[in-house]
Amino acid sequence: MSGTSVDGLDICAATFKDNSYTILDADTIKYPKELHDKLLYSHELSALNLAQLSVDFGKFCGQQVAEFVTKKNVRADFIASHGQTVFHTPHTGLTLQIGSGAHIAAESGISTICDFRSLDVATGGQGAPLVPIGDELLFPEYDYCLNIGGFANVSTKTNGKRIAWDICPSNIVLNSFAQKFGFDYDENGILGEKGNINQELLQDLNDIVFYSQQAPKSLGREWVETYIHPLFEKYALSDEDSMRTYYEHCAMQIGHTLKGISTRTLCTGGGVKNKFLMQLIAKYSESELIIPEPLLIDYKEALIFAYLGYLRVNNKPNCLASVTGAKKNVCGGVIWEI
């Protein structure tokens, strides 16, 4: 799993039997600086250089998995790779995750499944989020499953159907501010806590049309550049005040999504480790926020993409039309046999 925050490659070894799982081991591999920077700015590359990066990133992933299975002494039947999202505009029929599956398979010697989103998008869906089928089948005891990564997303069940949507940009914005202060991310919200909330900016952020739209809906880097960045530029606040205001906005959008005093929310993703952000979310939410063991916080998305691969090789639907808005459930993913 490689997310929009570009904070590392998550590798999770898991076994599945029907709707149960066991995590055998997991690790996060930090990207070398040159690769990190190329991935972060991949949307600015020429077509040729982007195609080459997809090959190079595929080789890197394959090599890292090969080292992982040797080091951890696990046997892998297949690799399920999310890839690095570069472009995601489902309304035009486009979603692109790089990291060549052929090269992952060749480097690791393990059959690889990749490109999980394209078939859903081609069938009229958002291609995101895909994790909710795992929420539905692996974590049915929770009313909400919240993930706070580059974007915050949630899944829940209503009228007997699983629905899910992206709530708001989260770490993709907060990390960009932290990097201005020389940090990769804002540990425990220490930087964001120092600023002051600007009520006008906060109101403008909350008034963005996306937040009043009904699911299915999803977000991408392009959306952040179009709707979020111009508001920061409009107000020209200090980085501290802009960051503090965004914290409040993020917490409000997430907190107001999690409704019902008697409900329980499973909280995962890197943002869950941000104590300040979680305190703010709790202020705005009625739901009981359940923070699981660290292994599940860090690797739930990697676990579920492995599960998507498990469903794929068993020819079972792994994309829910009720979640993405596609015409029908599909079994997505390209298999590279080795």
Matching residues in segment 246-277 - criterion: being of a type in the set (A, V, I, L, M) and either part of a helix (DSSP H, G or I) or at pLDDT 95 or above (or both)
ALA251, MET252, ILE254, LEU258, LEU266, VAL272, LEU277
For segment 169-211, give me the residue count where each residue is charged (D, E, K, R), more than 18 Å from ASN274 (Cα to Cα) and not in a helix (DSSP H, G or I).
1
Residue hits (segment 217-266; open to solvent by less than 10 Å² (accessible area, probe 1.4 Å) and either on the phi > 0 side of the Ramachandran plot or of a type in the set (A, V, I, L, M, F, W, C) (or both)) are VAL224, ILE228, MET243, CYS250, ALA251, ILE254, LEU258, LEU266
Please find, among LEU280, LEU295, the residue that is open to solvent by less than 20 Å² (accessible area, probe 1.4 Å), in a helix (DSSP H, G or I) and within 30 Å of ARG244 (Cα to Cα).
LEU280
Going by the structure shown, is GLY270 over 20 Å from GLU141 (Cβ atoms), open to solvent by 20 Å² or more (accessible area, probe 1.4 Å) and within 18 Å of the chain's Cα centre (by Cα)?
yes
Cross-chain or 6+ apart pairs with Cβ under 6 Å, segment 203-228 first and in contact (Cβ under 8 Å) with a residue 60 or more places away in the chain, then assigned to a loop (DSSP other than H, G, I, E, B)
PRO216/GLN126; PRO216/GLY325; SER218/GLN126; SER218/ALA128
Is there a residue in segment 23-43 that is in contact with a Leu (Cβ under 8 Å, 6 or more places away or on another chain), of a type outside the set (Gly, Ala, Ser), part of a helix (DSSP H, G or I) and open to solvent by less than 50 Å² (accessible area, probe 1.4 Å)?
yes
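Considering only segment 307-322, state which residues are in a helix (DSSP H, G or I) and either within 13 Å of LEU137 (Cβ to Cβ) or not aliphatic (A, V, I, L, M) (or both). Even if it seems obvious, please write down each step before you answer.
As a first pass, look at segment 307-322 and keep what is in a helix (DSSP H, G or I): 307-313, 321-322.
TYR307, LEU308, GLY309, TYR310, LEU311, ARG312, SER322 - these are the residues of segment 307-322 that are in a helix (DSSP H, G or I) and either within 13 Å of LEU137 (Cβ to Cβ) or not aliphatic (A, V, I, L, M) (or both).
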Picking from GLY149, GLY195, which residue would you name as being within 30 Å of CYS319 (Cβ to Cβ) and touching an Asp or Glu at 6+ places or on another chain (Cβ under 8 Å)?
GLY149
How do the pairs read when you match residues in segment 94-106 that are within 10 Å of SER54 (Cα to Cα) with residues anywhere that are open to solvent by 10 Å² or more (accessible area, probe 1.4 Å) and of a type in the set (Phe, Trp, Tyr), using Cβ under 8 Å and keeping only pairs 6 or more apart or on different chains?
GLY101/TRP336
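The values are calculated or read from the model by the stated rules, or taken from the named source; none is laboratory data. Values in this document were obtained by computation on a predicted structure and should not be read as measured data. Heads up, the Cβs are rebuilt from the backbone with ideal geometry, glycines too, and the neighbour counts pull from every protein chain shown. These area figures cover heavy atoms from the full protein model, side chains too; ligands, DNA and RNA do not enter into them. Shrake-Rupley method; radii C 1.70, N 1.55, O 1.52, S 1.80 Å.
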